[in-house]
1. Suppose we keep only residues that are in a loop (DSSP other than H, G, I, E, B), under 19 Å from Asp126 (Cβ atoms) and without any contact (Cβ under 8 Å) to a residue 40 or more places away in the chain within segment 85-104. Which one would you say is least open to solvent (accessible area, probe 1.4 Å)?
2. Could you identify the single residue in Ser109, Ser145, Ser153, Ser122 that is exposed (fewer than 13 other Cβ atoms within 10 Å of the Cβ), closer than 21 Å to Pro88 by Cβ and not charged (D, E, K, R)?
3. Which count do you get for residues in segment 141-164 that are of a type outside the set (Asp, Glu) and over 18 Å from Ala50 (Cα atoms)?
4. Within 23 Å of Gln123 (Cβ to Cβ) and either within 25 Å of the chain's Cα centre (by Cα) or hydroxyl-bearing (Ser, Thr, Tyr) (or both): does that describe Arg52?
5. Please give the number of the condition His168 fails out of (1) open to solvent by 80 Å² or more (accessible area, probe 1.4 Å); (2) touching a helix residue (DSSP H, G or I) at 6+ places or on another chain (Cβ under 8 Å); (3) farther than 22 Å from Ala78 by Cα.
6. Could you please give the count of residues in segment 48-77 that are surrounded by fewer than 16 Cβ atoms within 10 Å (Cβ to Cβ), of a type in the set (Ser, Thr, Tyr) and not in a loop (DSSP other than H, G, I, E, B)?
7. Can you spot a residue in segment 29-47 that is under 14 Å from Ile75 (Cα atoms), hydroxyl-bearing (Ser, Thr, Tyr) and surrounded by 11 or more Cβ atoms within 10 Å (Cβ to Cβ)?
8. Out of the residues in segment 71-103 meeting the condition of being at positive phi and small (Gly, Ala, Ser), tell me which one is nearest to the chain's Cα centre (by Cα).
Amino acid sequence: EPNKIPVTILSRCQRYDFAGIEAAAIQSRLAHIAKSEGVTIEPDALQILAMRAAGSMRDSQSLLAQLLSTGNKQISAADVTTLLGIAPATRLSQLISPLIARNAAEALSVLDATINEGAEVSQLVDQVLGYFRDVMTQCVGCDQSQLLYALPSQQEEIKQAAAELGIHTLLSMIQIIDQTPARIRENTHTRTL
């Protein structure tokens, strides 16, 4: 966090900013590690780990080490979502669908079920923001290589959501969701927010 370092210190330093590692490279390395440990890991699980590591090979390997420490010889996407406290892709889709349809009652019902199943509110907000980010890329005409958060099983529904929402609605939704984590940190009513 170079912004926290005083200018008097920075002026006496050489600064090197390193780019994050691509998700595909992280997935490949994690697959190699799992194979060398004699563990089978689902492709979706690899993708979720790489996505959550946000370009950090060390963070991804730490997450994989936690999964390997369980002793299971097969690691599924469900194992990863449980470890990270996030909602599974199917549950996230079930939450997004009523939002797009503007069905508040169903959205709140699914939100309640998702939290009761163990998803952390702050992680869920990040997931929804990432999902709508991917929807936005499709809305403006990017190809599917620009999808950062969607699993392969979600790509078609993301294209459909882009067609239904439109860019202006998406930007409004993203703005509201983006402000939520800051509000959550300052409030005890995280579920309400």
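The values are calculated or read from the model by the stated rules, or taken from the named source; none is laboratory data. Everything numeric here is computed off the predicted structure, so don't read it as measured data. Because the Cβ atoms are built from the backbone with ideal geometry, glycine has one as well, and the counts that use them run over all protein chains shown. Ligands, DNA and RNA are excluded from the accessible area calculation, which covers all protein heavy atoms including side chains. Shrake-Rupley method; radii C 1.70, N 1.55, O 1.52, S 1.80 Å.
1. Gly85
2. Ser153
3. Of the residues in segment 141-164, 8 are of a type outside the set (Asp, Glu) and over 18 Å from Ala50 (Cα atoms).
4. yes
5. Exception for His168: condition (2).
6. Of the residues in segment 48-77, 1 are surrounded by fewer than 16 Cβ atoms within 10 Å (Cβ to Cβ), of a type in the set (Ser, Thr, Tyr) and not in a loop (DSSP other than H, G, I, E, B).
7. Yes, the conditions are met somewhere in segment 29-47.
8. Gly85
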